[in-house]
Amino acid sequence: MPEFSINIFLPAAGLGERLRPITEHLPKPLIPVLGRPLLELILEKVSPLSSGRIGMNLHYHPDMLRDWAAASVYGERMDFFFEDPILGTGGALKNADPLLSHGPFLVHNADVLSGIDLTQLIATHLSSKNIATLATHNYTKFNTVIVDGKGRVIAVEGPEGSSPNHVPGAKKVAYTGIAVYSPDIFRFLPPGGSHVTDAWVAAVAAGNTVQAFDCNGSYWNDFGTPASYAAGVLDALQQKGETVYLSPSATCGNIELGGHAVVEESSTIEDEAWIRNCIVLPGARVSGPHENSIIGPDYTIDLGETDMQPGMNAREQKTVLLSSPLFSRFFGRHTSPEPDQNDTAEAILIGMGGSERRYFRVGNGSRTAVLMECRPDDQDYERHLVYTRFFEHCAVPVPELIAADDARKSALFEDLGDVTLYTYLKLPRPAEQVEELFNRVMDILVIFHSRATKQIDDCPLLAGRLFDYDYLRWETDYFLEHFVIGLQKVGVEDRKALEMDFDRLARTADAFPKGVIHRDFQCQNIMISRGGIPRVIDYQGARMAPAAYDLASILWDPYSRLDEVMRERLLGRYVQGMEASSEGRFDKNVLAESLVPCRLQRHMQALGAYGYLSSVKGKKQFLRHVPEALRLLKEETALTGNEYPALYDLMKKINGTQMTNPARAGSGDAEKADEAFRKRK
């Protein structure tokens with residue numbers, strides 16, 4: 001049952017002038033965000049809060065809004081208040097007086113998405129004597145509300161930027177467009193058009209309290225401009241753990257892509273198009289190259305590289321000196337003891353790795369590179385550099401190491417672009433093209449498992465890093481603690497029997513021959529360059545282990561299910577490659593025996609990581625692929641029920657129904673596990 005019975009009001013009459021030409025086709029509340037109108041996302045958040053009515057004012061494209069509401073699940077709860085002319089933020093409330101004047105009510109602008117705790121906001125207001133409780137935050141661009149040391153509103157800055165006489169402890173904050181009001185506010189709202197800020201000031205002057213509710217740290221986005229719209233859409237995409245969204249009703253040919261790509265309903269992207277950092281709106285038809293753009297049916301809005309980033313990435317943007325030693329050679333600068341402070345380039349965050357490792361794209365003209373910054377205590381920094389040089393020597397296709405600054409734990413790498421194999425497969429591809437790409441991936445594994453293994457004496461740091469019994473047992477304990485008990489809340493009736501199964505599995509896997517493996521060889525750690533060329537990243541977790549562990553990771557990958565017939569052909573490709581390159585040392589029968597034990601281990605590790613990151617770290621996006629990983633593990637335990645009966649019985653008790661808020665898990669699970677393992681040991 002809803003916790004409150006207050007009514008809700010959504011201001012939605014605006015013309016959306018700053019969003020033109022997007023709003024020439026539809027009103028701002030109906031602009032799409034990953035296939036759903038902005039209004040639907042807002043209603044999904046506010047409607048469960050209260051059993052009351054939901055009011056909305058109308059002016060621009062009123063019939064479109066009425067029709068959408070009538071077809072929605074919210075239609076029966078909604079009341080509409082037409083305005084002509086538009087009455088302003090205060091006049092809109094006054095016009096809805098028949099709905100709102102009977103008790104406290106929530107106002108939530110129809111162009112705002114936020115992570116603000118609305119339940120706490122409402123409860124705070126209802127337990128106070130405030131005439132209004134405003135959700136506020138520190139947002140320099142919009143800081144116009146002046147509050148005293150106790151957060152009480154004392155004034156609102158005028159359009160000219162004038163401020164009242166100084167009040168000790170006063171500061172300026174920004175109104176988020178979300179507030180709870182008591183009906184007494186109507187005494188300060190005149191008939192006709194008005195601004196609600198004037199009502200705040202008048203209420204305060206009459207001795208009432210307008211209180212600021214501090215929401216600093218909560219997500220907030222105002223969909224007011226093309227740039228803020230793009231940021232909001234890409235924030236939603238990032239929250240799902242994705243970089244690509246393709247509407248089921250869109251038509252998409254065989255295309256090249258990069259960065260972030262959102263393709264909304266009823267749009268068309270023609271064969272051989274190239275889109276990078278683009279939002280394709282309903283009804284648009286795209287051909288040729290497009291970059292950093294919002295593309296509509298009859299218009300294109302060109303934005304900057306920073307504009308077409310999720311909000312966190314854009315906020316983390318920084319500037320680097322190109323004449324500093326780390327960058328000078330690649331960008332053609334002369335290194336100087338006193339670098340030119342004006343010779344700079346933008347660095348935009350493109351990813352986060354384990355141990356809070358950060359990756360930035362640095363660009364100057366047509367040249368780009370990736371800057372990796374590590375914490376001073378990051379134990380993988382040295383491994384990353386040493387392994388890069390070793391794998392390059394072995395012809396494994398890893399990014400070139402351009403330069404390193406060991407003192408600052410930073411390194412500059414070749415830019416492999418934005419498209420992972422996971423992303424590549426999100427768009428329609430001819431089956432033969434997909435299989436050819438996976439054939440190339442199998443060829444990379446052959447290099448890892450044959451050439452790199454034969455040359456392992458050249459890399460003592462890797463040669464001594466064994467994936468042995470202790471690590472295998474840690475993986476199964478990790479699975480038990482964080483997935484079975486932590487996420488699934490399933491009790492273990494016979495812990496001793498299960499531990500015996502885990503011991504037997506670890507000893508079985510540990511007994512197989514060991515060679516160089518990537519250790520997290522899944523589709524999000526394989527980059528696809530233009531032209532369909534696969535390259536490998538996130539190899540700093542490499543170990544000496546049975547080759548079947550890598551095969552389990554990519555051919556039975558929870559991130560992308562392969563057709564069983566294709567999987568068999570790919571496995572055959574790998575076997576042929578190993579037989580041709582291993583000089584008689586490869587035994588396909590041993591490989592066959594090791595596959596199922598390594599699949600059991602790999603999928604328990606993955607499920608343990610999903611449980612840890614979602615339950616302990618609160619990253620719910622890591623749950624999307626739990627059902628597929630669980631399906632795979634159930635298949636494997638069914639095959640091995642006689643060998644591992646306690647594990648088989650445990651899997652029968654797990655049905656996966658407790659998984660919620662699915663979204664893609666990102667890469668780096670293996671190195672996060674490694675870090676946790678180091679701490680535990």
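Bear in mind these aren't lab numbers, they're just calculated from the coordinates by the rules spelled out. Just so it is clear, the structure is predicted and the values come from calculations on it, not from any experiment. Don't worry about glycine lacking a Cβ; one is built from the backbone with ideal geometry, like all the others, and counts go over all protein chains shown.
Relative to a virtual label point 7 Å from the Cα of Arg36 in the Cα→beta-carbon direction, which members of segment 597-635 show backbone nitrogen distances below 18 Å? Within reach of a label on Arg36, which here means backbone N under 18 Å from a point 7 Å along Cα→Cβ, segment 597-635 contributes 620-625. For segment 1-46 versus segment 212-275, the inter-centroid distance based on Cα atoms is 17 Å.
The fewest-to-most ranking of Phe82, Phe483 by surrounding Cβ atoms within 10 Å reads Phe82, Phe483. Calculated mean residue ellipticity at 222 nm for the chain: -10000 deg cm²/dmol, from DSSP H runs with n ≥ 4 weighted as -39500 (n - 2.57), summed, divided by the residue count and rounded to 500.
Hey, with R₀ at 22 Å, roughly what FRET efficiency would Glu432 and Ser287 work out to, going by the Cβ-Cβ distance, to 0.05?
On the way: r = 24 Å, r/R0 = 1.08.
Using R0 = 22 Å, I get an efficiency of 0.40.
Could you sort the peptides 200-208, 537-545, 409-417 by per-residue average Cβ neighbour count (10 Å cutoff), highest mean leading?
Numbers: 200-208: 16.3, 537-545: 24.0, 409-417: 19.7.
With the highest mean Cβ count within 10 Å placed first, the list reads 537-545, 409-417, 200-208.
Each of Thr251, Thr176 was scored by other Cβ atoms within 10 Å of its Cβ. Listed from fewest to most, they are Thr251, Thr176.
So which of Lys426/Lys489; Lys454/Lys617; Lys240/Lys489; Lys28/Lys94; Lys150/Lys240; Lys45/Lys141 end up more than 29 Å apart, counting from Cα to Cα? Before the final figure, lay out the partial values.
Details: Lys426/Lys489 32 Å; Lys454/Lys617 39 Å; Lys240/Lys489 24 Å; Lys28/Lys94 22 Å; Lys150/Lys240 37 Å; Lys45/Lys141 26 Å.
Flagged as over cut-off: Lys426/Lys489; Lys454/Lys617; Lys150/Lys240.
For the pair Glu346 and Glu382 in one chain, pulling the backbone fully straight at 0.36 nm per residue adds 10.4 nm over the alpha carbon distance.
The magnitude of the dipole of the chain, with charges of +1 and -1 set on the Cβ of Lys/Arg and Asp/Glu and taken from the Cα centre, is near 1280 debye. Taking amide H positions as modeled 1.01 Å from N, with prolines and chain starts lacking one, the residues under 5 Å from Val398 and 5 or more places away or on another chain are Val536. Per residue, the average separation of C-alpha pairs within less than 8 Å and at least 6 apart gives segment 429-680 a relative contact order of 26 percent.
Dipole of the chain computed with +1 at Lys/Arg Cβ and -1 at Asp/Glu Cβ about the Cα centre; of Thr319, Met352, Ser128, farthest Cα towards the positive end is Ser128.
Could you give the length gained on full extension between Ser51 and Asp198, defined as 0.36 nm per residue of separation minus the Cα-Cα distance, in nm? Please list the in-between numbers first.
On the way: separation 147, 0.36 × 147 = 52.92 nm, distance 3.01 nm.
49.9 nm is the gain from fully extending Ser51 to Asp198.
Take the Cβ-Cβ distance between Phe80 and His102 as r, set R0 to 22 Å, and report the resulting FRET efficiency rounded to the nearest 0.05. Result of the calculation: an efficiency of 0.80.
Along segment 386-397 the Karplus relation, 6.51 cos²θ - 1.76 cosθ + 1.60 evaluated at θ = phi - 60°, assigns HN-Hα couplings of 5, 5, 4, 5, 5, 5, 4, 4, 8, 6, 6, x Hz to successive residues, with x for each Gly and Pro.
Using 0.36 nm times the number of residues separating His334 and Ala511, minus their current alpha carbon distance, what extension gain do you get? Don't jump to the answer; show the numbers that get you there.
Working: separation 177, 0.36 × 177 = 63.72 nm, distance 5.40 nm.
In short, 58.3 nm is gained.
The label point for Arg315 and the one for Glu635, both projected 7 Å from the Cα toward the Cβ, are 4.1 nm apart. Think of the chain as a dipole: +1 on every Lys or Arg Cβ, -1 on every Asp or Glu Cβ, centred on the Cα centre; then among Val419, Ala511, Trp474, Trp474 lies furthest on the positive end.
Going from the fewest other Cβ atoms within 10 Å to the most, the residues Arg507, Arg358 appear in the order Arg507, Arg358.
With 29 Å as the limit, the listed pairs Lys514/Lys634; Lys496/Lys620; Lys496/Lys588; Lys514/Lys620; Lys409/Lys619 have Lys496/Lys620; Lys496/Lys588; Lys514/Lys620 beyond it between alpha carbons. Taking Cα atoms only, the orientation of helix 196-205 departs from the longest principal axis of the chain by about 60 degrees. With each label modelled as a point 7 angstrom along the Cα→C-beta vector, the Ala205-Ile533 pair spans 7.0 nm. The charge dipole of segment 316-414, taken about its Cα centre with unit charges on the Cβ atoms of Lys, Arg (+1), Asp and Glu (-1) only, comes to about 140 debye.
Structural descriptor for the chain: relative contact order 9 percent, calculated from alpha carbon pairs under 8 angstrom and at least 6 residues apart. Among DSSP beta bridges whose residues both lie in the chain, state the antiparallel percentage, nearest 5. Antiparallel bridges make up about 60 percent of those DSSP assigns within the chain. Per-residue 3J(HN,Hα) values for segment 267-278, derived from phi via the Karplus relation 6.51 cos²θ - 1.76 cosθ + 1.60 with θ = phi - 60°, read 9, 9, 10, 7, 3, 6, 6, 9, 10, 9, 6, 10 Hz in sequence order (x marks Gly and Pro). If you plug the beta carbon distance of Glu157 and Arg569 into 1/(1 + (r/R0)^6) with R0 = 60 Å, you get a FRET efficiency near 0.30. The distance separating the Cα centre of segment 382-443 from that of segment 483-497 comes to 38 Å.
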